Structures are given as C-alpha cells and as structure tokens.
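Trainee: Dropping a structure here in structure tokens format, bear with me for questions.
Read-outs throughout are calculated quantities, based only on the coordinates presented, and are distinct from any laboratory measurement. Just so we're clear, the structure is a prediction, and the values are computed from it rather than from any experiment. Counting neighbours? That spans all protein chains shown, and the Cβs are built from the backbone with ideal geometry, glycine included.
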Amino acid sequence: MTKILGLLSFGHYRDVPGVQARTARDALTQAIDIAVGAEELGLDGAWIRVHHYQRQFATPWALLSAMAARTSRIELGTAVIDMRYENPLIMAELAAAADLISGGRLQLGLSRGSQEPALHGYKAFGIHPTSEASASYIAQQHTARFRGAISGVPMAVSDPEQTRRAVPLPIEPRSETLPDRIWWGSATRRSAQWAGTQGMNLLSSTLLSEDTGAPFAQLQAEQIRTFHSAWSEAGHVGAPRVAVTRNVLPIVSARDRDMFGTTAVEEHVGILGGAASRFGKSYVGSPDVIAAQLADDVAVAAADTLLVTIPNLLGVAENLRLLGNIVEHVAPVLG
C-alpha cells in the first residue's frame with residue numbers, strides 16, 4: 001500500500017525565550033508557510049489540531065482558507081474539530097467555502113473532543129444541551145446535522161410571502177464532494193465502530209482512551225479492524241480511509257541531537273479524564289532505525305495515511321528541515 005504522508009501541527013504559541021511562535025499571529029502565519037514548504041517537499045497533507053481556551057489553533061476556517069489560497073495540491077485537514085462547540089449550519093457554510101477555495105482538498109476530522117481546560121466551555125459558545133446529554137451525544141448530534149447540511153438536506157423552508165410557496169432551502173454555498181471527506185477522530189474501539197457504521201473515514205491519534213494490556217500498535221490495529229468490519233456490515237460502498245499519527249524525529253546531524261536528543265519516549269499507560277489511557281511511543285533516532293520500527297508497526301501498516309506531528313514552536317525553517325529529513329530518509333522505506 002502506498003502511504004499518504006502528512007504533517008500535523010498543534011499550533012502552539014508561547015512568549016518564552018527560544019520559541020519562534022511567540023504569538024498567535026506567529027503560529028498562524030508560520031503554519032501557512034509550513035504548508036507551502038511541505039507541498040514543495042512532496043508531502044501529501046497539512047493537518048491542524050483544534051482546541052478552545054488554549055494558546056494554540058482554535059476554530060480553523062480562516063487558517064484553512066489561507067492555506068488553501070497559498071497551496072495547490074496538498075490535502076488540508078483538521079485533527080480534530082470538537083463538535084461539542086460547533087453550530088452545525090454555520091460550520092457547514094464555512095467548511096464549504098474553505099473547500100471551494102481549496103478546490104476540494106479539505107479532509108475534515110471531527111470528534112467529541114479531548115479534555116479541555118474550560119468546564120462545559122461549549123456553553124459559552126451558545127450550546128446548551130439538556131442536563132442528561134453526554135459529551136459524545138452532543139458531538140454526534142451536531143455531526144449528523146452538519147453532514148446533512150453539507151449533503152444538501154434542506155435546513156429551512158422559504159417564507160411563502162416572499163416566494164409564493166414554501167420551498168425547501170439547503171445551506172449555501174455547497175461543495176458537492178465534501179461529504180466524502182469527513183473523518184471521525186476515534187480513541188476507542190467503540191467509537192471506531194460507530195464511525196464505521198456512519199460511513200466516515202477513521203482518524204486515530206497517538207492516544208487511545210482505553211487499555212487492554214496489549215501494546216499500543218496492536219490495540220490501534222484492532223481498532224482499525226473493528227472500524228472496517230462496521231463499515232462493511234453497514235453496507236457502505238467504496239473503501240474508507242484510515243489515518244494514524246506518530247511522533248517522528250529522525251536524527252541525521254549534530255543539530256538534531258542537540259535539539260531532540262536521541263532517546264525515544266516509550267509508550268505508557270496513564271489516567272486521562274478518569275480513564276486508563278495508552279499513550280503511543282515517539283520515534284527518535286537514526287532514520288534506518290525509525291524506518292524499521294515504523295515498518296513493524298501493525299497500525300501504520302493497516303492505515304493508508306500517516307500523519308507526523310511537528311514541533312511548530314521551533315518555527316518554519318526548523319520544521320521544514322525536519323520534514324525534509326522524514327521525506328528523504330524515512331518515507332522511502334514506508335513506500
């Protein structure tokens with residue numbers, strides 16, 4: 001299987017010595033330049049993380065549109081949009097506009113979101129669910145309405161006084177192919193199964209919100225198998241896409257050793273949000289060692305898309321140098 005290779009940026013910014021992305025403007029404009037450079041290096045995708053109430057990328061539409069205007073080929077993705085916070089119809093309009101600007105290159109990853117610093121922060125965004133509604137339920141309901149809107153399902157009817165009769169009104173603008181490029185960010189086998197039944201692509205990160213005692217890659221591969229089985233059993237046509245994320249830092253120079261060290265962070269189990277969670281390892285070392293480790297990663301083998309995280313705080317030049325090392329030394333081994 002030929003792999004699709006993309007980058008994933010969390011868009012951090014910190015006003016501390018040694019950091020190149022010290023302001024929100026720095027992080028945003030540098031992300032655009034990194035996407036341009038990544039396209040020139042031959043990468044297939046530039047994806048961004050979405051968080052709220054934190055010093056990093058938030059609502060993504062302005063940034064995605066700017067990236068789209070400066071690039072011509074590379075996929076532009078989100079990993080992921082927290083659907084608890086979204087007005088589905090406004091999101092449908094903004095997503096369609098950004099996709100049309102890109103020429104149909106958006107890959108939208110959605111989910112119920114990760115742990116956020118704000119207590120029920122979505123309420124300040126105007127989302128007021130019933131008291132018994134879970135975070136997952138809110139996200140799934142918003143996702144269903146968003147997917148209906150971008151598929152052309154009417155969301156209102158016209159005023160007969162203006163149109164002489166009641167006419168169903170879909171959201172405009174629309175991008176006809178955008179419904180085929182919606183992903184679900186899954187951290188468990190259960191949510192992967194749900195994504196498969198819903199006919200979305202699967203996006204799996206470096207964190208799984210469950211632990212069975214199996215190594216991370218094996219558990220993630222099981223998650224992918226569960227997704228594919230659910231997709232097939234639901235009768236969806238075509239082949240879904242699957243993306244996994246890895247932290248990859250090839251060491252090819254003394255500068256790399258000074259900046260990143262030579263010791264990988266091993267996978268481990270911890271408690272996150274009250275649940276036992278398994279965190280994936282980082283891949284740090286010589287390119288041949290990293291390539292061999294990734295080649296043995298059963299989840300990477302099961303996915304068609306590999307996203308590598310980047311340390312965006314280091315700025316454009318260092319990140320493009322890192323991505324260049326991955327393209328030159330690691331990607332060929334992975335195909």
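Trainee: To the nearest 20 debye, what charge dipole does the range 47-144 have about its Cα centre, counting +1 at the Cβ of each Lys and Arg and -1 at the Cβ of each Asp and Glu?
Mentor: Its charge dipole is roughly 280 debye.
Trainee: Also, quick follow-up: What nm distance separates the two modelled labels at Arg22 and Thr262, each placed 7 Å from Cα along Cα→Cβ?
Mentor: Spacing of the two 7 Å Cα→Cβ label points: 3.4 nm.
Trainee: Further question: Using 0.36 nm per residue of separation minus the Cα-Cα distance, give me the extension gain between Asn87 and Ala118 in nm, one decimal.
Mentor: Here the segment from Asn87 to Ala118 would lengthen by 9.3 nm.
Trainee: OK, next. Along the charge dipole of the chain, Cβ charges K/R +1 and D/E -1, which of Ala31, Leu64, Ala46 sits furthest on the positive end?
Mentor: Looking along the dipole axis, the top candidate is Leu64.
Trainee: Further question on the same structure: Could you work out how far apart the two model spin labels at Ser72 and Val269 are, taking each label as a point 7 Å from the Cα in the direction of the beta carbon, and quote it in nm?
Mentor: A separation of 5.2 nm, rounded to one decimal place.
Trainee: Here's a follow-up. Can you tell which of Phe260, Gln107, Gly213 lies farthest toward the positive end of the dipole of the range 4-334, using +1 and -1 charges on the Cβ of basic and acidic side chains (Lys, Arg; Asp, Glu)?
Mentor: The residue sitting farthest along the positive end of the dipole is Gln107.
Trainee: Another one. Using only DSSP helix segments of four residues or longer, with each worth -39500 (n - 2.57), what per-residue ellipticity at 222 nm results for the chain after dividing by its residue count and rounding to 500?
Mentor: -11000 deg cm²/dmol
Trainee: R0 = 22 Å: FRET efficiency of Leu207 with Ala234, Cβ-based, nearest 0.05?
Mentor: 0.25
Trainee: Moving to a separate point now. Give me the dipole magnitude in Debye, nearest 20, for the chain about the Cα centre, with unit charges on the beta carbon: positive for Lys and Arg, negative for Asp and Glu.
Mentor: 420 debye
Trainee: Ok, one more. For the range 109-214, which trypsin sites (Lys or Arg not before Pro) pass both filters: DSSP loop (anything but H, G, I, E, B) and at most 12 other C-beta atoms within 10 Å?
Mentor: Arg164, Arg165
Trainee: A further question on this structure: Using the Cα centre of the range 4-334 as origin and beta-carbon charges of +1 (Lys, Arg) and -1 (Asp, Glu), tell me which of Tyr283, Pro179, Asn87 is placed farthest towards the positive end of the dipole.
Mentor: So the residue we want is Asn87.
Trainee: Post the alpha-carbon centroid distance, the range 1-75 to the range 195-214, in whole angstrom.
Mentor: Here the answer is 24 Å between Cα centres.
Trainee: From the phi angles alone, apply the Karplus equation (6.51, -1.76, 1.60; θ = phi - 60°) to the range 129-145 and give each ³J(HN,Hα) in whole Hz, x where the residue is Gly or Pro.
Mentor: After applying 6.51 cos²θ - 1.76 cosθ + 1.60, I find x, 5, 4, 8, 6, 7, 4, 5, 5, 4, 4, 5, 5, 5, 5, 4, 5 Hz.
Trainee: Give a residue-ordered list of calculated ³J(HN,Hα) values for the range 17-24 (Karplus: 6.51 cos²θ - 1.76 cosθ + 1.60, θ = phi - 60°; whole Hz; x for Gly, Pro).
Mentor: x, x, 8, 8, 9, 9, 10, 4
Trainee: For the chain, calculate the relative contact order in percent as a whole number, restricting contacts to Cα pairs under 8 Å that are 6 or more residues apart.
Mentor: 19 percent
Trainee: Let me ask something else about it. If each residue of separation counts as 0.36 nm, what is the full-extension length gain between Arg14 and Thr2 once their alpha-carbon separation is subtracted?
Mentor: Gain in length upon complete extension: 0.6 nm.
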